[in-house]
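**Student:** Let me begin by handing over the structure; questions about it come next.
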Amino acid sequence: MKVYFVGAGPGAADLITLRGARLLGSVDMVLYAGSLVPTEMLTHCRVGAEIIDTAKLDLEQQQACYVRAQEMDIDVVRLHSGDPAIYGATAEQMRRLDALGIAYEVVPGVSSFTAAAAAISAELTKPEVSQSVILTRVSGRASAVPELESIARLAEHRATMCIFLSGPHLKKIVGDLSLHYPQDTPVRLVYRATWPEQKIYQGTLGTVLEDTKRGEWNLTTMMLVGAALDKDVAVESSLYSKDFTHLFRVVKKNKAEAAS
């Protein structure tokens, strides 16, 4: 018996990995977060599989499902939104599985931050502009963010920042970002990336509060911010330059160039 923690991806049913879809079609029990994973994802499940929505279950009730599967000697897929490594509450489940002697495996998925970047056709890193991406969120009732990782402190780096669950906290987030980012810094909001109800806002740190209404952007909104989002910033990497030599492509220089 084995539990597979599978990343469902950001929402669209065809953005799950081939491995994840194959596992969904092979196991007898599937636990999924119904508040975050669309039911269309369950079309990958095997006919006759027991499908359990964990949205109303606490951790002990979920553990009971694993114990029952262990007694029945059947495999389980625990389907998480996005990628299980980010805000997935998987570590606490794994600790309990370790105590129960139940084997498990993690199958990665497409994260909502990369889906949001794809939705706005953006590269999050650009040479000489930003080579770092910060993934963060604001404190919530379920889990607090350490003070050293507050948005105000992280903003000092002025790297590309992806802020999960940002919708209800836009005023506070913008205030913290404004301590370090210029007001003309590009800001993008992506609500439910890849879902049918996906919506996008494109503006700047200085315009986002004026352009959006209070309560208009719900919890499942990703905020992307940083100079790298500016399409007019055209700094290019040397990787594909015709004059750049690397391990897989050697540029032959003429004698004059070699001498210089």
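The values are calculated or read from the model by the stated rules, or taken from the named source; none is laboratory data. Source: prediction; values computed, not measured. Here the Cβ is made from the backbone with ideal geometry for all residues, glycine too, and neighbour counts use every protein chain on show. Heavy atoms of the whole protein, side chains included, go into the accessibility calculation; ligands, DNA and RNA do not. Shrake-Rupley method; radii C 1.70, N 1.55, O 1.52, S 1.80 Å.
**Student:** Scanning segment 149-160 for residues that are in contact with a Ser or Thr (Cβ under 7 Å, 6 or more places away or on another chain) and surrounded by 19 or more Cβ atoms within 10 Å (Cβ to Cβ), which turns out nearest to Ala193 (Cα to Cα)?
**Tutor:** By that ranking, first place goes to Thr160.
**Student:** From the list Ser132, Ser112, which residue is within 28 Å of Arg153 (Cα to Cα) and out of contact with any helix residue (DSSP H, G or I) (no Cβ under 8 Å at 6 or more places or on another chain)?
**Tutor:** None of the others qualify; the one that does is Ser112.
**Student:** Restricting attention to strands (runs of 3 or more DSSP E) lying wholly within segment 146-231, give those where 2 or more residues are over 16 Å from Ile134 (Cβ atoms). Spell out how you get there, then give the answer.
**Tutor:** Values: elements: 160-164, 186-191, 199-204, 221-225.
Those strands (runs of 3 or more DSSP E) span 186-191, 199-204.
**Student:** Now a separate question. Does Ala144 satisfy being open to solvent by 10 Å² or more (accessible area, probe 1.4 Å) and small (Gly, Ala, Ser)?
**Tutor:** yes
**Student:** Hey, another quick one. Which residue, of Tyr87, Tyr66, Tyr4, is aromatic (Phe, Trp, Tyr) and in a loop (DSSP other than H, G, I, E, B)?
**Tutor:** Just a single option satisfies the conditions, and that option is Tyr87.
**Student:** Considering only segment 129-141, state which residues are within 26 Å of Asp232 (Cα to Cα) and open to solvent by 20 Å² or more (accessible area, probe 1.4 Å).
**Tutor:** Selection gives Val129, Gln131, Ser132, Val133, Ile134, Leu135.
**Student:** Only residues that are modelled with pLDDT under 95 and closer than 21 Å to Ala85 by Cβ: list them for segment 132-147, please.
**Tutor:** Listed by number, the residues that qualify are Arg137, Val138, Ser139, Gly140, Ala142, Ser143, Ala144, Val145, Pro146.
**Student:** Something else about it: Residues being farther than 12 Å from Gly226 by Cβ and polar (S, T, N, Q): count how many of those fall in segment 179-193.
**Tutor:** Going through segment 179-193 one residue at a time, the tally reaches 1.
**Student:** Next question, about the same structure. Those residues that are small (Gly, Ala, Ser), open to solvent by 20 Å² or more (accessible area, probe 1.4 Å) and in contact (Cβ under 8 Å) with a residue 24 or more places away in the chain, I need them from segment 13-45; list them, please.
**Tutor:** Result: Ala13, Ser26.
**Student:** Being out of contact with any strand residue (DSSP E or B) (no Cβ under 7 Å at 6 or more places or on another chain), modelled with pLDDT under 95 and of a type outside the set (A, V, I, L, M, F, W, C) is true for just one of Thr90, Thr39. Which residue is that?
**Tutor:** Thr39
**Student:** I'm checking my understanding of the structure. Among residues of segment 95-119 that are aliphatic (A, V, I, L, M) and part of a strand (DSSP E or B), which one is least open to solvent (accessible area, probe 1.4 Å)? Explain how you work it out, then say what you get.
**Tutor:** Filtering segment 95-119 for residues aliphatic (A, V, I, L, M) gives 97, 99-100, 102-103, 106-107, 110, 115-119.
When the remaining residues are screened for being part of a strand (DSSP E or B), the result is 103, 106-107.
Numbers: Ala103: 50, Val106: 68, Val107: 2 Å².
Residue satisfying both the conditions and the ranking: Val107.
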